Amino acid sequence: MGIKWRHGALSAATLALALLAVTGCDSSSDEPGTPGTSDARSKPTAAPTTPVARVCAKPAAGPEKAPAGAVTVDPKVVGDLAEKTKSNPPKTTFWLKPGRHRLESDRYAQVMTKKGNRYIGAPGAVLDGRKKNQYAFSGTADDVTISHLTVQRFVAPHNEGVVNHDMADGWVIEHTKIQNNAGAGMMAGARQQVRANCLRDNGQYGMNAYKTGDSIKDLVVEGNEVVGNNTGNWERRRPGCGCTGGIKFWAVDGADIRGNWVHDNRGAGLWADNNNNDFRIEGNLLEANDGAALMYETSYNAVIRNNTFRRNNWVEGRRNADRGDDFPYATIYVSESGGEPRVRARTDKIEIYRNVLEDNWNGITLWENADRFCNSPANTSTGYCTLLVKDTDSCKRPGITKAPLYADCRWKTQRVDIHDNRFDLDPSVVDCGDDCARMAIISNYGTYPKWSPYKGKRVSEAITEKQRNRWHDNDYRGPWNFVAGDQTRTLDSGQWQDTPPRQDAGSTFVRQGGG
């Protein structure tokens, strides 16, 4: 589903979340970290702290007694949950007693849910796949609820998931630990609500928000702790697969991602990849992820605000720098994505504001691959076109050389508004030199394929000068440099402001690092 870097709603008041004000501690422990405190140099609009969902260490407990009318599930009876689900009608509530619940040993043994079923765990209730079963909860039934349960040690195949394996709609998964599974901890359907869960140490993703037919709408991801995922190290096993991280989103139309603690994942923290639209990403703490904290790729229309980003991309940034790769691998990576008024959403741009970025490898990179467009072999999202073109076959010569297809056949990094953020970086903390502390707006030189109408500097000139991408009113502390046009053109803050691309009007720069 993914690509290489170069190529590529409920109120929080309704949740019974264990929210903790951020306190100073190493992020590898159970305690969340603390963003740098503001001082007189800081923009007053930049969020000084981000509350954290401390879910894995302190999960909410389920009911000690069976709810009225619930069917009790006995952990001593192997397969009891699946059998009682089969023998009871839709909209049945099941209460799993304390203990380790098991399915039959067959790899395809699973709970085939029915519409409106509810599965509630007592304190200490665990559904254990024993590394024998592939899936826990499956079926196409809508409006299933799973809560206060631990689901662990299932072995879903690559790109598949353990909970909601068949991507049914309207599921609610809350106050649940989904951990130590192969594949993804869960899949997603339309109107799915993922709230106050611990998604921990799964082999590929905590959640793979992909559905056959690309029909996920109105997804809520709120108050979860997403930690340690991609234990299978899939990028090493399948180089360039783009198939790793905390949560992956694919062709999701409408998502609210708020109040989550996304940390210590191998790869990206959050990755929206391919024709996503209308995201609100707010109030999250993203820290100590090996790769980018947030990637928004070949997608549209998003608000990214009031988040804290700390110590991200140290592993991948350092690895690439050590091998001589000077690409500005970012904390927030916007790749062939932008605002598009013709695609219906709650905003018509990508707006990144009131965030705090502290001691990450780099800052924000806006990137556009000149060779990536509909029908190009460089488009690794095989068979997909932009949301503006219904007939993919039309994106060929001669039509692609003229309006409107010349513009509409290409995913564009455009209408990105970056303002009122605080960017702090102390090289002594990050342990880096000239290879970090960079902000970038760049493209490559178009060369491929032969019939491409985007060869040469057309795209690099467009992304830097013509596509309404703008930094302004930000606060910088540290030895920041800026890359514009292509990755070989490095500017200091004065050049960044005073020569094309003339960015960061109204921003402040303090050279020494640290917050």
- Within region 289-300, is there a residue that is part of a loop (DSSP other than H, G, I, E, B) and either at pLDDT below 95 or open to solvent by 10 Å² or more (accessible area, probe 1.4 Å) (or both)? yes
- Which one is farthest from Ser335 (Cα to Cα), of the residues in region 252-288 that are open to solvent by 10 Å² or more (accessible area, probe 1.4 Å), in contact with a strand residue (DSSP E or B) (Cβ under 9 Å, 6 or more places away or on another chain) and assigned to a loop (DSSP other than H, G, I, E, B)? Gly259
- Note on the structure: Within region 378-433, the residues that are of a type in the set (Asp, Glu) and either over 27 Å from Asn481 (Cα atoms) or buried (at least 20 other Cβ atoms within 10 Å of the Cβ) (or both) are Asp391, Asp393, Asp408, Asp420, Asp424
- Message: Under 9 Å between Cβ atoms, which residue pairs at least 6 apart in sequence (or on different chains) link something in region 158-175 that is aromatic (Phe, Trp, Tyr) with a partner that is open to solvent by 20 Å² or more (accessible area, probe 1.4 Å) and not in a loop (DSSP other than H, G, I, E, B)?
- Response: Trp171/Gln193
- Task: List every residue pair whose Cβ atoms lie under 6 Å apart, where the two residues are 6 or more positions apart in sequence or sit on different chains, the first residue falls within region 245-271 and is within 23 Å of Ala182 (Cβ to Cβ), and the second residue, located anywhere, is among the hydroxyl-bearing types (Ser, Thr, Tyr).
- Result: Lys248/Tyr205; Trp250/Tyr210; His263/Ser27; Gly267/Thr244
- Task: Can you tell me which residue among Ala109, Ala125 is within 30 Å of the chain's Cα centre (by Cα) and open to solvent by less than 50 Å² (accessible area, probe 1.4 Å)?
- Result: Ala125
- Within region 404-417, is even one residue out of contact with any Ser or Thr (no Cβ under 6 Å at 6 or more places or on another chain), small (Gly, Ala, Ser), farther than 23 Å from Gly338 by Cα and not in a strand (DSSP E or B)? no
- Message: Given the condition within 23 Å of Lys114 (Cβ to Cβ), open to solvent by less than 10 Å² (accessible area, probe 1.4 Å) and assigned to a strand (DSSP E or B), answer yes or no: does some residue in region 190-205 qualify?
- Response: yes
- Considering residues of region 66-75 that are part of a loop (DSSP other than H, G, I, E, B) and farther than 13 Å from His148 by Cβ only, the residue most open to solvent (accessible area, probe 1.4 Å): Ala68
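The values are calculated or read from the model by the stated rules, or taken from the named source; none is laboratory data. No experiment lies behind these values; they were computed from the predicted model shown. For neighbour counting, all protein chains shown are included, and Cβ atoms are generated from backbone atoms with ideal geometry for every residue, glycine included. Accessible surface areas use protein heavy atoms only, side chains included; no ligands, DNA or RNA. Shrake-Rupley method; radii C 1.70, N 1.55, O 1.52, S 1.80 Å.
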